[in-house]
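A quick write-up on the structure given underneath.
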Amino acid sequence: MLMPVPILPAEGVALAPALPLIAALLILGLRIAGRGVGESGERAIARITLGANIAVEGLLIVFLLQGLILGWPGHVDMGNWFASGDWRLPLSFTLDGMSLGIASVTTFIALAALKFSLTYMHREAGFARFFVGMNLFAGGILLVLLAGNAILLFTGWELMGLASWMLIGYAFERPTATLNAQRAFLTNRVGDAGLLLAMALSFLWLGGIDWPTLEAGAPRLPTLYASLIALGFVTAALAKSAQLPFTPWIARALEGPTPSSALFYGAVMVHAGVFLLARLGPLLAEAPGISFLIALLGALTACYGWLVGYVQSDVKSALLYATVSQVGLMFVAIGLGWFELAAWHAALHALWRAWQFLSAPSYMHMLDAPTRPAPEWLRKHGWLYTAALQRFWLEPLADRLLTLPSRALARDLRALDENVVCALVGMSEAQRVTELLSTREEVVKGRGVIGRMLAWSAHHLYRFERRLVLQGGDGSLAKGLNRLGIWLRFVESLLEQPRYLLVLIMATVVVIL
């Protein structure tokens with residue numbers, strides 16, 4: 001009996017994430033060429049965007065039907081992305097029921113959001129920029145869902161983060177929008193660090209980062225090794241899905257236009273962490289402590305979203321915290337080992353929540369009654385009501401721990417650029433150099449016995465330099481050495497600050513691992 005021949009070869013799945021990314025590049029090219037503006041520009045952008053994503057949906061449906069009839073291709077290895085010695089980064093995809101099913105649902109939701117956006121964003125100054133971000137996101141999430149290995153997933157993970165940052169800060173002329181985009185970007189970089197650590201440990205202990213290698217190698221790993229790898233992936237999943245302790249960023253993400261909020265935080269991106277952990281079921285089975293942690297944090301997040309959602313006064317915020325609560329329940333299912341249930345919950349919840357988010361503007365126009373107050377039992381417990389109103393003070397805590405130190409680092413780097421780099425290349429700092437030469441400041445300030453010895457040595461070398469080496473010259477050597485002194489003093493001032501000490505400690509831990 002002859003077996004039916006597939007309509008499309010399995011390797012053709014690479015077109016699914018590629019088409020939206022190509023659409024983003026075409027729109028960007030139109031805008032650079034000055035043709036992506038006005039009514040005609042909007043029509044061209046609409047054709048490119050809808051054409052690419054409709055083609056992707058058709059492609060995925062064909063693969064889904066082929067899999068149901070002929071069997072799932074599973075892991076599809078298309079060769080090496082990069083190889084060096086024994087190290088190999090494969091270009092591979094996973095075509096099974098979970099990846100193709102969720103990818104089809106995701107593309108359908110993306111099409112609905114894109115079609116809605118064509119009217120919602122009509123005549124907006126940033127129309128082209130908005131659709132570049134939306135197409136980047138569509139390509140990124142498909143890479144995450146269809147990837148056959150962690151490095152391809154990481155690529156899509158970063159594309160999603162870039163698109164999210166672009167669209168949260170869509171109204172970049174408003175300081176609130178740019179600050180909220182920065183908050184979301186920084187929080188997700190913590191998750192990215194966990195993903196990078198997990199990939200590095202997988203290479204070290206398993207010899208690869210593709211899903212079959214993790215699935216086959218996980219049962220042979222000691223519990224500690226499996227737990228460390230799982231912890232890296234879980235950190236990434238918690239940050240991307242806005243679970244505790246990373247929840248504060250998602251409320252700020254609503255700063256972006258409604259269609260992007262519906263697609264990213266209501267329907268699709270917020271479920272990416274659930275999908276990643278469902279894919280890593282065999283690894284989590286070997287790390288019971290990490291599975292317990294996932295269930296615990298999911299339960300706490302579900303309670304947090306439930307309580308905070310009660311006191312929200314606008315529909316988008318209420319929907320957002322309902323989403324956070326539902327995703328928390330998915331994490332509970334993951335922690336209990338119910339991976340298939342979590343995947344079904346994610347797909348159905350994404351469809352329902354996307355419809356609610358896209359309908360939110362209409363709800364706000366139709367509503368002519370005051371917002372429903374919080375339930376009486378919550379208002380009777382004043383401390384709990386206040387905590388829910390303040391979102392349990394997690395947002396200012398996140399700012400102090402992450403956003404403010406990062407902004408201080410940026411200011412320090414700017415100061416380094418202005419005070420040192422510009423001086424070294426001779427840009428508008430001649431007066432500053434002359435002023436510093438006229439003063440007899442010490443380059444090194446010593447503390448302790450060794451510090452005082454260094455300061456004493458530096459002081460006498462400075463005197464030797466000033467009185468003997470630099471006498472009678474044209475001053476170029478003096479200026480060069482003084483610029484080096486400025487740089488050393490600036491570096492020393494940075495190393496005296498606690499946040500840089502923490503950075504050095506973290507770097508040391510990474511090197512040791």
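Annotations
- Placing a label point 7 Å from the Cα of residue 70 along the Cα-to-Cβ line, the residues of region 85-100 whose backbone N sits under 17 Å from it are 93-97, 100.
- The listed peptides 161-167, 328-334, ordered by packing as a protection proxy, come out as 328-334, 161-167 (highest mean of other Cβ atoms within 10 Å first).
- Accessible area per residue, Å², region 275-413 with all protein chains present, probe 1.4 Å: 53
- Per-residue Karplus couplings for region 156-172, computed as 6.51 cos²θ - 1.76 cosθ + 1.60 with θ equal to phi - 60°, are listed in order as x, 4, 6, 5, 4, x, 5, 5, 4, 4, 4, 8, 5, x, 4, 8, 5 Hz, Gly and Pro entered as x.
- Other residues whose C-beta falls under 13 angstrom from the C-beta of residue 103 contribute a net charge of -1, scoring Lys and Arg +1 and Asp and Glu -1.
- The H on the amide N of residue 268, modeled in the peptide plane, is under 5 Å from the matching H of no residue at least 5 residues off or on a different chain.
- Sequence-ordered 3J(HN,Hα) estimates for region 258-263 from the Karplus curve with 6.51, -1.76 and 1.60 and θ = phi - 60° stand at 4, x, 5, 4, 4, 6 Hz, glycine and proline given as x.
- Treating r as the C-beta distance of residue 377 and residue 336 and R0 as 22 Å, the FRET efficiency rounds to 0.15.
- Projected label points at residue 193 and residue 176, each 7 Å from Cα along the beta carbon direction, are separated by 3.0 nanometres.
- For region 353-358, backbone phi angles converted through the Karplus equation (6.51, -1.76, 1.60; θ = phi - 60°) give residue-by-residue couplings of 6, 4, 4, 5, 5, 5 Hz, Gly and Pro being listed as x.
- Of all accessible heavy-atom area on region 157-279, the percent that carbon and sulfur account for (1.4 Å): 66
- Distant-in-sequence amide H partners of residue 75 (H built 1.01 Å from N, under 5 Å): 95
- Residues of region 179-212 with amide N under 18 Å of a point placed 7 Å along Cα→Cβ from residue 408: 183, 186-187
- Net charge over other residues, Cβ less than 11 angstrom from the Cβ of residue 281 (K, R count +1; D, E count -1): -2
- Per-pair calculated FRET efficiency, R0 = 35 Å: residue 352 and residue 296 via Cβ, rounded to 0.05: 0.85
- Net charge of neighbours whose Cβ lies under 12 Å from the Cβ of residue 26, counting Lys and Arg as +1 and Asp and Glu as -1: +3
- A cut-off of 5 Å between modelled amide H atoms, ignoring neighbours fewer than 5 places along the same chain, links residue 81 with 89, 91.
- Relative to the globular-protein estimate of 2.2 N^0.38 Å, the Cα radius of gyration of region 6-98 stands at 1.41.
The values are calculated or read from the model by the stated rules, or taken from the named source; none is laboratory data. It should be emphasised that the depicted structure is a prediction, and the values quoted were computed from it without experimental measurement. Note that each Cβ is placed from the backbone with ideal geometry, even for glycine, and that neighbours are counted across all protein chains shown. Side chains are part of the model used for accessible areas, which takes the heavy atoms of the whole protein and leaves out ligands, DNA and RNA. Shrake-Rupley method; radii C 1.70, N 1.55, O 1.52, S 1.80 Å.
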